[in-house]
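Asks: Just dropping this structure here.
The values are calculated or read from the model by the stated rules, or taken from the named source; none is laboratory data. Computed from a predicted structure; not experimentally measured. Every residue, glycine among them, receives a Cβ derived from its backbone with ideal geometry; neighbour counts consider all protein chains shown.
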Amino acid sequence: MKPLSAVWLLIVALLGAAVVVGGLRAAEAGGYDAAATLRSRTEKDAYMRDDPASPFKREPPVAFAPLKYFPPDPAWVFRSKLQAYPDPQPVTILDTKGRERHGVIYGFLTLEKDGRIHTLRVYRMTTAKDGVYYAVWFTDRTTGDTTYEVGRYLDFEKVDDPNHVYTLDFNLAYNPYCAYTHAYGCAIPRKEDHLDLAITVGEMKWHG
């Protein structure tokens, strides 16, 4: 994989700083609905427990136990524009079954926490049928301790407007299906996806 130039890294760092200047926490900008987060967790538990498509129903079935979460905290909600790389570099991601997944490092989002700017990479991945999806995954200081040892994911839907401001709500960080059953393989975040933060929101480690 061709390394990113030092000049480009400087440029994107400056752009990232510009994105987060002025306080981009969504909770401060427009309020945070903790009740909605709690309702979505209840609904997800019902799906995981009852729906035939639940990973807990996959052979061999796994006894369901409620998913575990940190309490919601609006301090972990951020807003950022997507900074796309001008020359996205190809990348191979391994999953927990040792399989390769292919895509590119499409761009990055930024967040400011405790006086530091952190970068969250956005991947554009291809499917076996030549489809495309965008992915955001990460590890942090809690990984392997209070949260799943592989890492956690955030849903990301790309918007065509380059000026669109995305909401990054780490309260919605979740475990991939391989956290509940070995029937699934899931993408393993790379070392570059580590955030030097203890992200004490979102889904915790699950044990059946």
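Asks: Picking from Val150, Val159, Val201, which residue would you name as being in contact with a helix residue (DSSP H, G or I) (Cβ under 6 Å, 6 or more places away or on another chain), β-branched (Val, Ile, Thr), outside any strand (DSSP E or B) and modelled with pLDDT of 95 or more? Step through it out loud before you land on a result.
Replies: Values: Val150 fails: in contact with a helix residue (DSSP H, G or I) (Cβ under 6 Å, 6 or more places away or on another chain); Val159 fails: in contact with a helix residue (DSSP H, G or I) (Cβ under 6 Å, 6 or more places away or on another chain).
The match here is Val201.
Asks: List every residue pair whose Cβ atoms sit under 7 Å apart, with the two residues 6 or more apart in sequence or on different chains, where the first one lies in the range 103-129 and is free of Cβ contacts under 8 Å to residues at least 40 places away in the same chain and crowded, with 17+ Cβ neighbours inside 10 Å and the second, anywhere, is outside any strand (DSSP E or B) and not charged (D, E, K, R).
Replies: Gly107/Leu82
Asks: Test Glu100 against the stated conditions and say whether it is touching a strand residue (DSSP E or B) at 6+ places or on another chain (Cβ under 7 Å), acidic (Asp, Glu) and either buried (at least 19 other Cβ atoms within 10 Å of the Cβ) or over 14 Å from Ala173 (Cβ atoms) (or both).
Replies: Yes; evaluated as a whole, the condition is true for this residue.
Asks: Can you give me the number of residues within the range 72-98 that are assigned to a strand (DSSP E or B) and over 17 Å from Lys113 (Cα atoms)? Step through it out loud before you land on a result.
Replies: We begin by selecting, within the range 72-98, every residue assigned to a strand (DSSP E or B); these are 77-81, 83-95.
With the extra rule that they be over 17 Å from Lys113 (Cα atoms), the set shrinks to 83-95.
Residues in the range 72-98 being assigned to a strand (DSSP E or B) and over 17 Å from Lys113 (Cα atoms): 13 in total.
Asks: Would you call Pro90 out of contact with any Cys (no Cβ under 7 Å at 6 or more places or on another chain), surrounded by fewer than 19 Cβ atoms within 10 Å (Cβ to Cβ) and over 22 Å from Tyr166 (Cβ atoms)?
Replies: Here the answer is yes, as Pro90 does meet what is asked.
Asks: Continuing with the same structure: Going through Asp33, Asp50 one at a time, which residue ends up being free of Cβ contacts under 8 Å to residues at least 40 places away in the same chain and surrounded by 12 or more Cβ atoms within 10 Å (Cβ to Cβ)?
Replies: Just a single option satisfies the conditions, and that option is Asp33.
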